[in-house]
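Notes to accompany the following structure.
The values are calculated or read from the model by the stated rules, or taken from the named source; none is laboratory data. Everything numeric here is computed off the predicted structure, so don't read it as measured data. FYI the Cβ positions are ideal-geometry reconstructions off the backbone, even for glycines, and counts take in every protein chain you see.
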Amino acid sequence: MNDIEAVLDGVADRLRRLRSASGSTLAEMSSRTGISVSTLSRLESGLRRPTLDLLIRLASAYGASLDDLVGAPQIADPRIHPKTFYRDGRAIIPLTKQNPDVIAFKMLLPGHPPGEPVPAKVHEGYDWIYVLSGRIRLVIGDDETILGPGEAAEFDTRKPHGFVSASMEPAEIINLLSRQGERVHVRSPL
């Protein structure tokens, strides 16, 4: 077996693991990628060799790189060169490359009037917050907690939850999200 065959043989397992980690069915992936269920099944079982077209569509659907799908050895710079983006007034800086399980962000939260409610969301997944500076108002269900620098929280996002700066001063946090949480918080506005 040559090197190319060995790389291609590993794609089936990686595709199965990525789909399993995303919690998607073959039918859901078919709908997201435009690839038939039977082709997806054959790719995951190793009965079909992936083409570049299929790999590009699957990488996009899983939020992975082509290197991740084929298991290419890392030869490039391991540093992450984040590009800040903004959502709901928050500056969001990605700290991880595409990981199938957990995504990390550094966030700068703008000041928030202390008397104003904290917008809440509900979705699948888990969320972790670590406060770097400032203070955070974290609301989970009917409970509100104030977190200061060096404090952390972990919670199930199936309960209504939200977090904002606890004052008119900005706050800075590290936010870890499970893949399901990342889709809701970062990729698609509710």
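Remarks
- Among the residues here, Ser30 does not qualify as under 25 Å from Ile103 (Cβ atoms), assigned to a loop (DSSP other than H, G, I, E, B) and under 24 Å from the mean Cα position of the chain (by Cα).
- Residues that are over 19 Å from Leu177 (Cα atoms) and modelled with pLDDT under 95, drawn from region 119-142: Asp142
- Residue within region 69-82 that is of a type in the set (A, V, I, L, M, F, W, C) and more than 30 Å from Leu8 (Cα to Cα) present: no
- Positions within region 80-112 being at pLDDT 90 or above and assigned to a loop (DSSP other than H, G, I, E, B), in sequence order: Pro110, Gly111, His112
- When Leu66 is tested against (1) surrounded by 16 or more Cβ atoms within 10 Å (Cβ to Cβ); (2) closer than 27 Å to Asp13 by Cβ, exactly one condition is not met: (1).
- Cross-chain or 6+ apart pairs with Cβ under 6 Å, region 113-127 first and free of Cβ contacts under 8 Å to residues at least 12 places away in the same chain, then surrounded by fewer than 14 Cβ atoms within 10 Å (Cβ to Cβ) and of a type in the set (Ser, Thr, Tyr): none
- Where a residue in region 16-28 is assigned by TED's automatic domain parsing to the domain that holds Ser45 and under 11 Å from Ala64 (Cβ atoms) and its partner, wherever it lies, is of a type in the set (Phe, Trp, Tyr) and assigned to a helix (DSSP H, G or I), with Cβ under 6 Å and at least six apart: Leu18/Tyr62
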